[in-house]
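Reading through the structure tokens given below for one structure.
The values are calculated or read from the model by the stated rules, or taken from the named source; none is laboratory data. These numbers were taken from a predicted model, which means no experiment stands behind them. Note that each Cβ is placed from the backbone with ideal geometry, even for glycine, and that neighbours are counted across all protein chains shown.
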Amino acid sequence: MSVFSSSAARPWLLSGPALALFASLLVTPIVMTVLLSFREFSFYGGISDTLGLSNYIEILGDGYFYEIFLRTFLIALGTTVLCVLLGVPEAYFIHRMGPLWRSMMLLVVLGPLLISVVVRTLGWAILLGNKGVINDLLTRMELIERPLKMMYTSGGIVLALTHVMIPFMILAVWASLQRQDPDSERAAESLGAGPVTVFLRVVLPQCVPGILSGSLIVFSLSASAFATPAILGGRRVKVVSTTVYDEFLNTLNWPLGAAIAVLLLVSIMTIMVAWTRLVERRHGEALQ
Amino acid sequence: MRRNGAFALVFNGIFALFMVAPLVVVIGVAFTPEGYLEFPPSGLSFRWFQAILDNPDFIEAAWISLELGVVSATLATAFAVPAALAIGRGRFAGREGMQALFLSPLTVPTVVLGIAFLRFLSLFDINGTFVGLVLCHAIIITPFILRLVLASVAGLDRSLEKAAISLGASDWTVFRRVTLPLILPGVVGGWVLAFITSFDELTVTVFIVNPSTTTLPVRLFSHITQTTDPLVASISTVVILFTVLLMVVLDRLYGLDRLLMGEGAR
Amino acid sequence: MSFLDLRSLTKRFGDISAVEDFSLSVAKGEFVSLLGPSGCGKTTTLQMIAGFINPTSGSMILNGKNLAAIPARARGLGIVFQTYALFPHMTVAENVGFGLEMRKVPKAERKRRVAEALDLVHLSHLTDRHPQAMSGGQRQRVALGRALVIQPELLLLDEPLSNLDAKLRDEMRLELRRIHKEAGVTTLLVTHDQDEAMALSDRVAVMRQGRLEQVDTPFEAYEGPRSTFISGFLGKTNTLRGDLLETTESGSRFRREGLILDGPVAHHIPGPVEVCLRPERIDLVEADEALVSGIVSERIFLGNQWLFRVDTPLGELMICRRNRGRREAEPGETVHLSWKPEHLRILPVEVQG
């Protein structure tokens, strides 16, 4: 046994089964999907054997797809902005609470993370519908005469996605709050800073790395979200992932669907890499 | 003790409402005696919970989800624990790449994973089979187990293992008697988290099920996209209660704070 | 005429009393240390003065102002935190300038005063560094500069040297003395390190279990401890329990284990007492001059001095001797001990809580 324990092969033996699973069932399928996206498709002949760029040409030449991609990224951006605006102060407030309240609020804020997205989105569908809870309430309070249209709108999707994604933002900001020296707030206070100044000048700048990594997670998950836009947007407000779904399971044009998915993958990866580079350049020296 | 001001308390109250509102309405709607969605319900009725029993489709789907969760979480744990031990302590070339690979299901858009699995499984003609579902789920949930076990391995004092070796224990004995008991909370926490993730998974699963292997989230999803009636609310309520129950179990076994916030949580 | 006047300061957390009836007066320019073991309430006292904890009762007057009525951010105190609490996202100059910025000091003057403060703490060459890129000692200096630049009426130091290694600690101790002398600011230091407290302060205030036990100059506190606790906390000591037999105008007599010993003038009522004797006050003498003899049970070499444990009829005594480069008694050898009666400190018996 001791031969093995010092052997360089040991880590590879330990992770061998997992590596085999991931190589065969993750890497291979993704490579195959990328290849699939270069194949041609006809409704009569099915998927051809020849490779070509026809699917990408079709997507990039069609305003319909532009609109879907633009909408998807705007929804993701809106969700990210809302998550920052709501999540950062909330994380700070929870951070300042006494232990009992803190555990309770963490449960309220993070518990939904473990509850099915389908179920949570159903809740939003009940809230946002034309005869939904919010419209019902506003009508009864005589604030509105006609119901507000919130179902099947990008705004409704952003609101529900914020609910789904905000725990990730709070987790990321919380992590950077935990790393802060609690005395740095006191130091600022002793030097004459009021609560708002303490937050803006001392706490917030130290949270920037957390906010940036949280934003990245929220943005990429929102851009590829499926259940929430599918339920709240339906066929009327299509995003990239619901379009891929339709291509695969309704139109059955797999190569085109694969090309759309590959474009989504590539654009999210590009944004992630660019964002990380930007963050490292701006904050690499000052923080960590 | 630093205190939050009035603004903070109001903000916090509204935020808490925002977080619980969708769950509260789902549960509220489930108790309606009427045949349509209404909130707050005009009465208290278990009519729609009884209706679940009349829909064997949903019950069958729930069983499939349960079995899928248990089998795939167990399989993924068996794969992820040794891998986490290798990554968590080894200094070998390719270590970072290996970790990135095992965590990649978190960053690749799920819809891409879904179609990739669909394409692959259908080539071997096993799309829609339970085995196919298990393998795909195992991949999706491996990162969750890996992260928790890695955190436990990082917190492990290696001199404990060295002490066991110096006392004459074999590699396997060291693992079974020293290492495993110490990382067990991470392993068990990871298994439960993986189970919940598998039980709730929709985006990938929707591509790779067939009518005989439809899981609960997929059944629920396709029902909601056609019609929202109190039946989906009552089923969702059961799902919520089941998840809360698992959360309590997780809290006891591993600590929810630690699970969600990482090791440093106070 | 006191500058800082703390009177009957009390802090209770529920039923637990952290600080009880704490009264202390500090003169302008004075350097006073709050000394005590961890959990004695010294940090709580500092936090109350700083304004981070509200006292349950009592008053705090600084230069005629009632501190309790002023929020922490308006008290204008300079505070050096145990962790330094430097703002990691700001440079040294920005850290030091922060307090001036809060006071809306014009930019040009701010720059001048930051430069002055950095000069005082000998950091003028590192103005644009970030704290992460600095050593512990340098961070310590930044924290001092940041606290001093606002020209505080009172400087509070919370265990400022505890995060430094031993060598750096000695160096910073001297630096603190120099800076205190140059800035002339009234200073309150909280520490659990008696050497640090004695080396730095004009007076030490020893705390125990939330109460102030003694305030004196370091020399007086060392020589005239009011309790065996203080005697033991401020250096090494031998504590012997015995009976005070009689007190006269010229001295006292005291009995332990059947031996009668002379002691200094005492004002205690005859009966059980504790007697403290510093190890360095015990001399090794010839057999005929000895007050008591004993056998060396243990010998420890500490470089500049030797430490002996000697079994005597009085009990085990600790003896400290300067290393003169000569041969010293070895374990098993019999030694003869003597001391002057005035070196004994007669103290009341501690009531165990």
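Per the listing B:PHE175, B:PHE144, B:PHE195, the residue uniquely under 30 Å from B:PHE46 (Cβ atoms), more than 10 Å from chain A (Cβ to nearest Cβ) and among the hydrophobic types (A, V, I, L, M, F, W, C) is B:PHE195. Would you check if C:GLY51 is modelled with pLDDT under 95 and closer than 30 Å to A:PRO205 by Cα? So C:GLY51 fits the description; yes. Assess whether B:GLU34 counts as being charged (D, E, K, R), under 27 Å from A:ILE126 (Cβ atoms) and at the interface with another protein chain (Cβ under 10 Å from one of its Cβ atoms). The answer is no for B:GLU34. Which of the residues belonging to segment C:182-223 are part of a loop (DSSP other than H, G, I, E, B) and either charged (D, E, K, R) or in contact with a Ser or Thr (Cβ under 7 Å, 6 or more places away or on another chain) (or both)? Selection gives C:HIS192, C:ASP193, C:SER201, C:ASP202, C:GLY210. Inspection of segment C:146-158 finds a residue satisfying the criterion of being within 18 Å of the chain's Cα centre (by Cα), more than 12 Å from chain A (Cβ to nearest Cβ) and at pLDDT 90 or above. Selection over segment C:201-219 of residues that are surrounded by fewer than 22 Cβ atoms within 10 Å (Cβ to Cβ) and closer than 21 Å to C:GLY29 by Cβ gives a count of 7.
Among the residues of segment B:209-231, those that are among the polar types (S, T, N, Q) and either out of contact with any strand residue (DSSP E or B) (no Cβ under 7 Å at 6 or more places or on another chain) or not in a helix (DSSP H, G or I) (or both) comprise B:ASN210, B:SER212, B:THR214, B:THR215, B:SER222, B:THR225, B:GLN226, B:THR227, B:THR228. For the residues A:ARG120, A:ARG140, the requirement of being basic (Lys, Arg), at pLDDT 85 or above and closer than 22 Å to B:VAL218 by Cβ singles out A:ARG120. With respect to C:LEU161, is the statement that it is assigned to a helix (DSSP H, G or I), over 27 Å from C:GLY58 (Cβ atoms), at pLDDT below 90 and assigned by TED's automatic domain parsing to the domain that holds C:ARG75 true? No; evaluated as a whole, the condition is false for this residue.
When the residues of segment B:97-141 are filtered to those that are hydroxyl-bearing (Ser, Thr, Tyr) and farther than 23 Å from A:VAL266 by Cα, the one that is nearest to the other protein chains (Cβ to nearest Cβ) is B:SER122.
Any residue that is farther than 24 Å from B:VAL20 by Cα and in a helix (DSSP H, G or I) - is there at least one of those in segment B:234-253? For segment B:234-253, residues farther than 24 Å from B:VAL20 by Cα and in a helix (DSSP H, G or I): present.
Take the residues of segment C:334-351 that are outside any helix (DSSP H, G or I) and of a type in the set (D, E, K, R): which is surrounded by the most Cβ atoms within 10 Å (Cβ to Cβ)? Within segment C:334-351, the match that is surrounded by the most Cβ atoms within 10 Å (Cβ to Cβ) is C:ARG345. If you go through segment A:111-130 and pick out every residue that is assigned to a helix (DSSP H, G or I), under 16 Å from the mean Cα position of the chain (by Cα) and either crowded, with 23+ Cβ neighbours inside 10 Å or not hydrophobic (A, V, I, L, M, F, W, C) (or both), you end up with 5. Within segment B:142-170, residues that are on the phi < 0 side of the Ramachandran plot have Cβ atoms under 8 Å from residues that are buried (at least 21 other Cβ atoms within 10 Å of the Cβ) and outside any helix (DSSP H, G or I) in these pairs: B:LEU148/B:TYR254, counting only partners at least 6 apart in sequence or on another chain. Taken together, the residues in segment B:154-208 that are in a helix (DSSP H, G or I) and over 21 Å from the mean Cα position of the chain (by Cα) amount to 22. Which of the residues that make up segment C:270-285 are outside any strand (DSSP E or B) and modelled with pLDDT under 90? Within segment C:270-285, just C:PRO270 meets the criteria. Can you confirm whether C:GLU316 is over 30 Å from C:GLU249 (Cβ atoms) and either in a loop (DSSP other than H, G, I, E, B) or over 24 Å from the mean Cα position of the chain (by Cα) (or both)? When the stated conditions are applied, C:GLU316 passes them.
Within segment A:232-247, can you find the residues that are outside any loop (DSSP other than H, G, I, E, B), of a type outside the set (Ser, Thr, Tyr) and either surrounded by fewer than 24 Cβ atoms within 10 Å (Cβ to Cβ) or free of Cβ contacts under 8 Å to residues at least 40 places away in the same chain (or both)? Correct list: A:GLY233, A:VAL244, A:ASP246, A:GLU247.
The listed residues are B:LEU37, B:LEU23, and the only one of them that is buried (at least 19 other Cβ atoms within 10 Å of the Cβ) and at pLDDT below 90 turns out to be B:LEU37. For segment B:62-79, check the following and say yes or no: at least one residue is buried (at least 16 other Cβ atoms within 10 Å of the Cβ) and either modelled with pLDDT under 90 or charged (D, E, K, R) (or both). No: segment B:62-79 contains no residue that is buried (at least 16 other Cβ atoms within 10 Å of the Cβ) and either modelled with pLDDT under 90 or charged (D, E, K, R) (or both).
Of the numbered criteria (1) touching a helix residue (DSSP H, G or I) at 6+ places or on another chain (Cβ under 7 Å); (2) part of a helix (DSSP H, G or I), the one B:PHE92 fails is (2).
Does at least one position in segment B:180-197 carry a residue that is surrounded by 16 or more Cβ atoms within 10 Å (Cβ to Cβ) and under 30 Å from A:LEU35 (Cβ atoms)? The answer is yes; a qualifying residue exists. Scanning segment B:80-91 for residues being surrounded by 15 or more Cβ atoms within 10 Å (Cβ to Cβ) and without any contact (Cβ under 8 Å) to a residue 60 or more places away in the chain gives a total of 3.
For segment A:141-151, the criterion of being over 30 Å from the mean Cα position of the chain (by Cα), within 30 Å of C:LEU67 (Cβ to Cβ) and either at the interface with chain B (Cβ under 8 Å from one of its Cβ atoms) or not in a helix (DSSP H, G or I) (or both) is satisfied by no residue at all.
Looking only at residues of segment B:8-30 that are touching a residue at least 40 places away in the same chain (Cβ under 8 Å) and of a type outside the set (Gly, Ala, Ser), we find that the one that is farthest from the other protein chains (Cβ to nearest Cβ) is B:ILE27. Screening C:LYS104 on (1) of a type outside the set (S, T, N, Q); (2) farther than 24 Å from C:ASP195 by Cα; (3) buried (at least 19 other Cβ atoms within 10 Å of the Cβ); (4) modelled with pLDDT of 90 or more shows it passes everything except condition (3).
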